[in-house]
Structures are given as structure tokens and as C-alpha cells.
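Data block below; observations after.
The values are calculated or read from the model by the stated rules, or taken from the named source; none is laboratory data. No experiment lies behind these values; they were computed from the predicted model shown. Here the Cβ is made from the backbone with ideal geometry for all residues, glycine too, and neighbour counts use every protein chain on show. Calculation scope for accessible area: heavy atoms of the full protein, side chains included, ligands and nucleic acids excluded. Shrake-Rupley method; radii C 1.70, N 1.55, O 1.52, S 1.80 Å.
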Amino acid sequence: MSELLVIKNLHASIQDKEILRGVNLTIGQGEVHAIMGPNGAGKSTLSAVLTGNPQYRVTEGEIWLKGKNLLEMPPEQRAREGVFLSFQYPVEIPGVSMVNFMRTAVNEKRKYEGKEPLSATEFLRLMREKKKMLAMADKLNNRSVNEGFSGGEKKKNEIFQMAMLEPCLSILDETDSGLDIDALRIVADGVNMLKTPENASIVITHYQRLLDYIVPDFVHVLANGRIVKTGDKQLALELEEKGYAEFE
Amino acid sequence: MLNLNKGEHKELVFINEPNLDLHISQAQDSSLRIIVINVSPIHQFTSIEVHHVGTGCSTEIYVLAYVKNKDCVRTCTRVYHDVGGGQSKQVIKYVLADEGQGAFLGELKILPDAQKVSAEQTNRNLLLSEEATMRTQPQMEIYADDVKASHGATTGQLDESALFYMQQRGIDPQTARRMLVVAFMQDIILQISDEKIREQLLQSIDGVIEE
């Protein structure tokens with residue numbers, strides 16, 4: 001299986017506080033990697049650094065996506081290359097409708113790939129198709145992005161956007177937090193349906209629960225800014241039982 | 001002086017008027033909407049004074065300004081609830097770019113006889129540059145005791161977390177900024193009842209916003 005993402009000796013800080021202290025991780029096409037770990041281990045920092053969040057500074061190391069140097073790209077270019085983050089806290093954007101937001105995003109990506117923009121009709125058809133997949137309400141189109149959405153709706157909306165943009169690397173940052181069991185199942189079903197032999201996912205989670213639905217090929221424990229243990233899905237069950245005490 | 005008769009309804013829309021000086025007196029149960037939009041000013045001064053002389057009147061005032069270069073836009077509203085049972089709502093929004101200067105003075109007076117009045121005043125300002133300035137001065141004078149009155153003024157910058165969220169979806173930062181500024185401005189434009197004018201304005205504001 002060919003390598004999709006390679007992270008080498010990644011160090012990153014926020015406000016001069018070092019959070020990541022040498023992360024090494026290789027992800028192949030078609031794989032699902034779970035990253036678990038105690039609070040403050042650097043899980044969300046890793047997703048922020050992968051997506052180019054300007055609040056974080058990379059002080060050392062490399063990130064390669066399909067052989068391209070990710071650290072040289074601004075956030076929007078990383079997104080167009082296929083890096084997608086399902087945010088832990090999706091942002092509300094009052095006054096920007098979902099349809100306008102999504103059409104802009106989809107067409108910017110198409111432009112980057114040298115494709116013609118979708119017409120209004122084609123776009124709406126695509127939106128309808130993907131919404132159906134996630135059992136989302138039709139009224140969504142004209143609502144402002146995430147504004148007034150419940151916790152569950154916001155997370156579903158993240159997966160919906162993922163379905164629209166068809167990323168090669170999706171990062172789900174604590175997607176399970178704030179979800180009841182029905183919403184969790186819908187979100188997980190969505191993620192599983194979007195799985196292909198070419199793309200890959202990083203599932204960041206504190207709990208094992210989500211991994212019952214999105215079954216990982218690898219489970220990594222991130223503690224103190226490093227990956228300290230790697231195993232298969234069995235490791236997640238052990239962590240659930242024993243907690244993270246041995247890594248803290 | 002403009003007089004609104006008993007039960008009369010009026011909507012007044014002013015777009016890019018260099019100077020505006022309105023004095024309006026409202027008779028019983030009349031309703032008034034004023035929408036003032038200044039998107040290509042150089043120097044602009046708006047003064048609106050409204051008196052509720054009859055009971056049960058309603059007044060809505062919406063002001064939107066986009067100020068750039070070294071331009072200056074000043075808005076002054078005076079709403080007087082002389083008698084009771086009336087409602088007033090004011091929303092004043094400014095976007096300030098470059099070295100643009102804005103000022104808002106909002107006077108709201110509820111006289112002793114004006115019971116059961118509901119009045120609200122909101123002023124929101126978006127600064128797009130470090131050099132832009134906004135002065136805002138709400139003044140409430142309330143002499144009646146059975147009233148609902150509120151005011152709020154905020155001045156801030158574009159939401160960085162929204163910008164990053166949009167970039168993460170592949171939208172370039174210039175486009176994202178533009179979309180957020182339009183979003184900030186459009187709810188005032190949407191108050192205009194005439195669909196043709198409304199749509200024309202919505203089309204044209206995109207060209208107003210500078211990078």
C-alpha cells in the first residue's frame with residue numbers, strides 16, 4: 001500500500017510552549033488510524049498543525065502528503081490537496097449560507113484541479129445527494145453555516161462537508177464529543193461510506209466508543225507530545241479499561 | 001419637518017446621500033422605517049430626529065456605512081418617545097477600512113408620560129484595518145418607569161476562527177474575508193422592502209469591498 005502521509009520528527013509550539021515533541025507517523029492509502037491519549041497530550045495540536053492553523057508554529061520536522069511538502073502550503077492549498085479537518089468545535093458563520101459557503105469551497109477545489117466550476121443545478125443536485133446520505137434536513141441550504149445548529153447537527157454538518165469535498169486525508173477531531181448514540185451512528189456510517197481504497201482517516205478521540213463504529217487499522221497513543229505506543233484496535237479496548245495513567 | 005398621519009406607514013430608503021437631515025413627527029399608530037445606506041461616501045453626515053407625539057407608534061431605523069480611504073461618515077439619531085405605548089428599534093452598522101473614520105451618536109429619550117415603551121438600539125462596527133477609527137456614543141435618557149429599553153455597542157475585527165474554518169475548506173483568505181464582510185453588511189440591506197433595489201445593492205456591495 002502506498003504512503004499517503006508521512007510525518008517525521010514533528011515539533012510544534014503554541015506561544016513558545018512546546019506541545020509536539022517529535023511525532024513520527026506514516027499513513028497508507030485505505031487506512032484508518034486512531035489517535036488516543038490523555039487531555040493535553042497534543043492530539044488537537046497535531047490536527048491544527050496538519051491543517052496549517054496559524055496559531056501553531058512548527059519548529060522542527062517534516063510533513064509530506066503524496067510526496068508534497070505540506071508545511072510549505074497555506075491552509076487553503078492543503079485543503080485543496082485533500083486535507084480535511086472535521087473540527088472539534090465547528091465555527092458558526094452568521095450571514096454566510098451553507099449553499100454559498102459550500103459552492104465556493106467546492107468550486108475553488110475544482111479550479112485548483114483544473115476543472116470547470118459546477119453549475120448551480122449540478123451543485124444543488126450534489127448537495128441533495130450528500131445530504132440524503134447523512135439524513136440531513138433540506139432546509140439546511142439557506143441557513144447560515146453552523147449558526148444555531150445543535151451539537152449533533154454541527155458534527156453531522158462536518159461530515160456532510162467532508163462528503164462534498166471528497167478529501168484524501170480526513171482528520172476527525174473528537175467528532176464523537178457531544179453526540180448521542182443515534183447521531184454517533186449516523187456520523188460513523190457517513191465516514192464509513194466515504195472510505196475508499198485511496199483515501200485515509202485519522203480519528204482523534206478520547207474514548208473507545210467511536211471506534212466501535214469506525215474500526216481503526218492502527219491505534220496510537222499520543223502522550224506528552226510523542227507517539228508512545230502503537231497497536232491494533234485491541235489497544236483501544238485496553239486503554240478504555242486501564243486509562244492513560246501509565247503514560248502520564 | 002415630515003409628519004406621519006394617524007395610522008400611516010412609510011418606508012424611506014436613502015442610498016449614498018451626502019447629507020441627510022430628517023425631522024419626523026409621528027401621529028398615533030403610525031409606523032416608520034428608515035433605511036440609510038452609505039457604501040461610497042467621501043464625507044457624509046446623517047441626522048435623523050423622530051418624535052412620537054401619538055401613542056402606539058413604531059419606528060425602525062437601519063443605517064449601514066462602508067468607510068474607506070480617509071473618508072468620514074457620521075450618523076446622529078435622536079428618538080423621542082414623548083408619549084407611551086410606542087416601539088423603536090435602531091440598528092447601526094459600520095465597516096471601516098483603511099483610515100476611515102466613523103462616528104455614531106444615538107440619543108434615545110423616554111419622557112415621563114411615555115409608559116409601556118419598548119426601545120432598542122444596537123451599534124455594531126467592524127474594523128478592517130488598524131488605522132480605522134470609530135467613535136460611538138449611545139445616550140439613553142429614561143424618565144418613565146414602566147419601559148423596556150436596551151442598547152449595545154460593539155466594535156471588533158473579523159472573526160479569525162471563521163477565517164481559518166473557511167480556509168480549511170479551500171477558500172482563499174481574500175474571498176473568505178469578502179464573504180464575511182458581505183455577511184456583516186447584508187442584514188441591513190435585507191430590510192429594504194423593494195426587491196429590485198435590494199437585489200441591486202446586494203450585487204453591488206461586493207464591488208465596494210476592497211482588499
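For the range B:78-150, what is the Kirkwood hydrodynamic radius in Å, using each pair of distinct C-alpha atoms?
Working: mean 1/r = 0.0752 Å⁻¹.
In the range B:78-150 this quantity evaluates to 13.3 Å.
Taking a ≥ b ≥ c as the square roots of the eigenvalues of the Cα gyration tensor of the range B:34-74, is the shape rounded (a/c under 1.5), prolate (a/b larger than b/c) or oblate?
Prolate.
For the range A:1-158, with only Lys/Arg (+1) and Asp/Glu (-1) charged at the beta-carbon, what is the dipole magnitude about the Cα centre, in debye rounded to 20? Spell out each step's value before the answer.
On the way: 24 positive and 19 negative charges, 99 e Å.
Rounded to the nearest 20 debye, it is 480 debye.
Which whole-Hz ³J(HN,Hα) couplings does the range A:181-192 yield from phi under the Karplus relation 6.51 cos²θ - 1.76 cosθ + 1.60, θ = phi - 60°, glycine and proline marked x?
5, 5, 5, 4, 5, 5, 4, 5, 4, x, 4, 5
Using R₀ = 45 Å, calculate the FRET efficiency as 1/(1 + (r/R₀)^6) where r is the Cβ-Cβ separation of B:Arg135 and A:Arg110; round to 0.05.
About 0.50, to the nearest 0.05.
With a sphere of radius 9 Å drawn around the Cβ of B:Lys109, what net charge do the other residues whose Cβ falls strictly inside it have (Lys, Arg +1; Asp, Glu -1)? Mind showing how you got there, number by number?
Values: positive: B:Arg78; negative: B:Asp82, B:Glu107, B:Glu141.
Result for the local shell: -2.
Which of the three applies to the range A:102-213, rounded, prolate or oblate, going by the alpha-carbon gyration tensor with a ≥ b ≥ c and a/c under 1.5 meaning rounded?
oblate
Amide H neighbours of B:Glu49 under 5 Å, at least 5 residues apart or on other chains, H built in the peptide plane: list them.
B:Leu22, B:His23, B:Ile24, B:Arg78
Viscosity 0.890 mPa s, temperature 25 °C: what is the translational diffusion coefficient of the range B:2-157 from Stokes-Einstein with a Kirkwood Rh over Cα pairs, rounded to a whole number of µm²/s?
157
Do any residues of the range A:122-161 lose at least 50 Å² of accessible area when the full set of protein chains is present rather than just their chain alone, and if so which, with a 1.4 Å probe?
none
Taking θ = phi - 60°, what integer Hz values does the Karplus form 6.51 cos²θ - 1.76 cosθ + 1.60 yield along the range B:116-126, in sequence order, with x for Gly and Pro?
Coupling constants for the range B:116-126: 6, 9, 10, 9, 9, 9, 10, 10, 10, 10, 10 Hz.
Using +1 at the Cβ of each Lys and Arg and -1 at the Cβ of each Asp and Glu in the range A:52-112, identify which of A:Val106, A:Leu71, A:Ile93 lies farthest towards the dipole's positive end.
Most positive-ward Cα: A:Val106.
Taking amide hydrogens as modeled 1.01 Å from N in the peptide plane, which residues meet the under 5 Å criterion relative to B:Tyr66, leaving out close sequence neighbours?
Placed amide hydrogens put B:Asn38, B:Val39, B:Val95 under 5 Å from B:Tyr66.
Using only Cα atoms, tell me the angle between helix A:151-165 and the longest principal axis of chain A; keep it within 0 to 90° and round to the nearest 10.
Computed tilt is about 80 degrees.
Roughly speaking, to the nearest percent, how much of the range B:2-157's 1.4 Å accessible area is carbon and sulfur?
Within the range B:2-157, the accessible surface is 45 percent carbon and sulfur.
Find out how many positive minus negative residues lie around B:Gly170, taking Lys and Arg as positive, Asp and Glu as negative, among other residues whose Cβ is under 12 Å from that of B:Gly170.
Details: positive: A:Arg78, A:Arg80, A:Arg103, A:Lys109, A:Arg110, A:Lys111, B:Arg169; negative: A:Glu76, A:Glu81, A:Glu108, A:Glu113, A:Glu166, B:Asp172.
Here the charged neighbours net out to +1.
So, for the protein assembly as shown, what is the accessible surface per residue at a probe of 1.4 Å, expressed in square angstrom?
Value for the protein assembly as shown: 45 Å² per residue.
The range B:173-203 to the range A:81-150: how many Å between their Cα centroids?
For the range B:173-203 versus the range A:81-150, the Cα centre distance is 20 Å.
Which whole-number percent is the relative contact order of chain B (Cα, under 8 Å, 6+ apart)?
After rounding, I find 15 percent.
Taking the convex hull of the Cα atoms, report for the protein assembly as shown its projected area averaged over all directions, in nm².
Taking a quarter of the hull surface, the average projection is 25.4 nm².
If r is the Cβ-Cβ distance from B:Asp194 to A:Met193 and R0 is 41 Å, what FRET efficiency results, to the nearest 0.05?
Once rounded, the FRET efficiency stands at 0.30.
Of the peptides B:194-204, A:234-244, how do they stack up when ordered by the mean number of other Cβ atoms within 10 Å, highest first?
Packing order, densest peptide first, comes out as A:234-244, B:194-204.
Need one word for the range A:55-127: rounded, prolate or oblate. Basis is the Cα gyration tensor (sqrt eigenvalues a ≥ b ≥ c); a/c below 1.5 gives rounded, then a/b vs b/c decides.
Judged from the Cα gyration tensor, the range A:55-127 comes out oblate (a/c at least 1.5, b/c at or above a/b).
Could you report the buried accessible area between A and B, both sides summed, computed with a 1.4 Å probe and given in Å² to the nearest 100?
1900
Measure out, as a whole number of angstrom, how far apart the alpha-carbon centroids of the range A:172-213 and the range B:1-39 sit.
Using only Cα atoms, the two centres lie 55 Å from each other.
Go ahead and collect, in residue order, the members of the range A:164-193 whose backbone nitrogen is under 18 Å from a label point 7 Å along the Cα-Cβ direction of A:Ala135.
From the range A:164-193, the list is A:176-193.
Give me, ordered by chain and number, the residues 5 or more places off B:Gln121 or on other chains with an amide H under 5 Å from its own placed amide H.
B:Gln90, B:Ser150, B:His151, B:Gly152
Each residue of the range A:235-248 in order: what ³J(HN,Hα) in whole Hz does its phi give by Karplus 6.51 cos²θ - 1.76 cosθ + 1.60, θ = phi - 60°, with x for Gly and Pro?
Here the 3J(HN,Hα) series is 4, 5, 5, 5, 5, 4, 6, 9, x, 9, 3, 5, 9, 8 Hz.
Could you work out which residue, out of A:Ala79, A:Ala223, A:Ala105, moves most in a Gaussian network model of chain A, that is, has the largest mean-square fluctuation with Cα springs under 10 Å?
A:Ala105
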